[in-house]
Amino acid sequence: MARFTRRARIGAGIALATTAALALTACAGAETPAAGGEGTVDAATATSVEDFGTFADLEAAAKAEGQLNVIALPRDWANYGEILDLFAEKYPEITINEASPDISSAEEIQAAETNQGLDTAPDVFDLGLTVALQNTDVFAPYQVQTWDEIPDALKEPTGLFVGDYGGYMSIGYDSSKFDAPASLDDLLDADYKGAVAINGDPTQAGAAFAAVGLATVQSEGTLDDFQPGIDFFAELQKAGNLLKVDVTTATVASGETPVVFDWDYLNAAHSADNENWEVVVLDGTGYAGYYNQAINKDAPHPAAARLWQEFLYSDEVQNLWLKGGARPARMEAMTEAGTIDADLAAALPEVPAETVVPTEEQSANAGTLLGEKWAAAVQ
């Protein structure tokens with residue numbers, strides 16, 4: 001599941017609005033029939049359902065395109081497998097093309113550039129914050145029908161990119177080999193020799209970036225300066241405890257990566273393959289973040305891209321992310337409306353009373369610092 005590719009998605013995610021919010025093919029720009037059959041609408045410039053006329057008109061336009069290209073969506077990541085299958089069941093007229101599930105956020109953008117103008121280009125993206133901030137010129141603004149129920153802190157104002165699902169940075173561990181770590185300092189003990197993995201390089205990997213952020217705030221630092229987190233991992237490396245292995249479901253199941261820094265919803269999924277796998281969110285200050293959705297402005301299937309976004313922010317799919325252990329963007333509004341799956345929400349792990357997330361500026365500054373300091377610290 002965890003992989004130093006898909007999980008190598010830069011940026012920790014958009015800040016949570018509140019802890020409770022956390023708690024064949026048409027070419028891009030092709031015209032589609034407008035509502036009522038009068039004139040045409042350019043799906044590539046549509047910024048809401050109203051531009052198509054009605055939701056049924058959007059569905060019709062997407063079905064006419066007949067294809068949807070997604071990229072970097074592992075089926076064992078936050079329940080994406082069930083989400084993809086539900087879309088295929090709901091819209092059998094639309095073929096989902098799942099490309100490169102294990103690549104990084106940066107590589108998603110590269111794929112869009114490489115395939116620009118081709119039917120193989122991705123229609124939609126699922127990205128970490130830093131990559132999203134760096135590539136807004138690649139995105140098309142779009143506001144889904146449930147836009148008003150998405151916290152302002154989780155969305156770019158015009159809809160260029162929008163937070164979708166999130167969680168807390170956690171530590172997963174094989175309980176048959178280790179006790180639950182109570183603090184980061186526990187991981188420096190000799191018992192953890194060659195046992196502690198982070199998911200890739202934090203200059204490129206979203207989960208690894210967040211691991212350094214967690215180490216920073218757990219070391220009495222602040223998100224204004226990630227140096228304490230870098231120093232912790234340098235110490236972990238010096239102790240011989242930092243394990244430089246790409247984390248996957250297989251490495252967890254085999255015991256090759258017995259202790260893993262990762263998002264809580266991803267760590268929790270490993271218990272399906274290792275009955276001894278446990279997850280802990282450390283006491284003290286917690287580190288949280290979201291991933292983000294965006295539409296390729298040059299999407300070869302622009303109507304299908306917009307229908308996919310509407311689908312993802314529906315009650316049904318927000319609850320499917322919750323089923324995957326992630327916290328959906330509309331969780332607070334759905335809780336108030338009574339549309340959240342209460343049993344799944346109640347099953348979420350307890351989290352720290354104090355939660356921090358990086359602002360856009362903090363995220364950018366941390367990325368710069370990591371680029372300058374990380375390699376030398378852990379070599």
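Couple of notes before you dig in:
- Of all residues in region 226-269, those that are hydrophobic (A, V, I, L, M, F, W, C), closer than 22 Å to Gly289 by Cα and part of a loop (DSSP other than H, G, I, E, B) total 2.
- Here Asn267 clears all of (1) polar (S, T, N, Q); (2) in contact with a strand residue (DSSP E or B) (Cβ under 8 Å, 6 or more places away or on another chain); (3) within 23 Å of Ala190 (Cβ to Cβ) except the condition numbered (3).
- Identity of the residue in region 200-223, among the β-branched types (Val, Ile, Thr) and in a helix (DSSP H, G or I), that ends up surrounded by the fewest Cβ atoms within 10 Å (Cβ to Cβ): Val217
- Every condition in (1) at pLDDT 95 or above; (2) at negative phi holds for Gly240 except the one numbered (2).
- Region 154-199 - residue that is at pLDDT 95 or above and among the β-branched types (Val, Ile, Thr) and, of those, surrounded by the fewest Cβ atoms within 10 Å (Cβ to Cβ): Thr158
- Wholly within region 63-159, strands (runs of 3 or more DSSP E) carrying at least 3 residues that are closer than 19 Å to Ala46 by Cα and assigned by TED's automatic domain parsing to the domain that holds Ala299: 67-71
- Qualifying positions in region 247-266 - of a type outside the set (Gly, Ala, Ser) and farther than 14 Å from Lys193 by Cα: Val247, Thr248, Thr249, Thr251, Val252, Phe261, Asp262, Trp263, Asp264, Tyr265, Leu266
The values are calculated or read from the model by the stated rules, or taken from the named source; none is laboratory data. This one's a predicted model, so the numbers in the text were calculated from it and none came from an experiment. Every residue, glycine as well, gets a Cβ built from its backbone with ideal geometry; the counts of neighbours run over all protein chains shown.
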